[in-house]
């Protein structure tokens, strides 16, 4: 399974991580553009992260990206804008099989994310708050997946994102929450939480990221890191990260465009209208 991307098509992030014999590599779709999604999905990456938090993506854009990526051997994860049970329900009904829930800083917040992603147990054996409308939704292929409601946990995985100093302190307890399939570390917001906004390479931030990796791995849960700088990606993989996200469509396009122009106009830097 080395070399080309492993075929995770149709599976969850939990399935992909469990079946991996090496760290998985991910890319962000932040544009919401389905053609860009196809380009990224055919790149050999293992994971396609669809950014509903910072990207200009509504439900229809998320749906289009999921549909575009489905033909490729890649696992799609949708980052919802917030730990909101209504949005989680809607994104799952679109057919997302893996969620990233941002800004989870406590076990209670992790429990809330899992509860929002689960249907109630048949006999009340587990908490679940996801609204049941699968017959109307792509998640069950409009009722064509037999027994979807009863088996929905097998079709959904939840990844929670640690991005605050509080989350770092609670990392082991967050990872231990039943239904949390992986933890994803966001150094950018973590840098802001630690008093170093815009400087995810600050030693305090690096130490917090490494401590989170250690704590989550110690709980027996896969952990990943957003690491666009190659040196950061190498460091966290060596530390034991199970997955690393190394770029986004918008940054790849921006840096590639700048490099192409700079070859002929080396004296003219990129413009910034902000």
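The values are calculated or read from the model by the stated rules, or taken from the named source; none is laboratory data. None of the values given here were measured: they were computed from a predicted structure. A quick note on method: Cβ atoms are made from the backbone with ideal geometry, for glycine too, and the neighbour counts reach across all protein chains shown.
A few remarks follow.
- If the condition is being farther than 26 Å from residue 157 by Cα and loosely packed, with under 15 Cβ neighbours inside 10 Å, then the stretch 195-233 contributes 195, 197, 198, 201, 203, 204, 207, 229, 230, 231.
- So residue 177, is it modelled with pLDDT of 95 or more, surrounded by 21 or more Cβ atoms within 10 Å (Cβ to Cβ) and under 19 Å from residue 51 (Cβ atoms): no
- Any hit, the stretch 28-35, residues being buried (at least 24 other Cβ atoms within 10 Å of the Cβ) and over 25 Å from residue 232 (Cα atoms): no
- Enumeration of residues in the stretch 71-84 that are more than 14 Å from residue 43 (Cα to Cα) and surrounded by fewer than 17 Cβ atoms within 10 Å (Cβ to Cβ): 81, 82, 84
- Those residues of the stretch 58-69 which are touching a strand residue (DSSP E or B) at 6+ places or on another chain (Cβ under 9 Å) and closer than 15 Å to residue 99 by Cα, in sequence order: 62, 65, 66
- Hits in the stretch 139-162 - residues which are buried (at least 18 other Cβ atoms within 10 Å of the Cβ) and in a loop (DSSP other than H, G, I, E, B): 148, 156
- A residue that is in a helix (DSSP H, G or I), at negative phi and surrounded by 15 or more Cβ atoms within 10 Å (Cβ to Cβ) can be found somewhere in the stretch 128-137.
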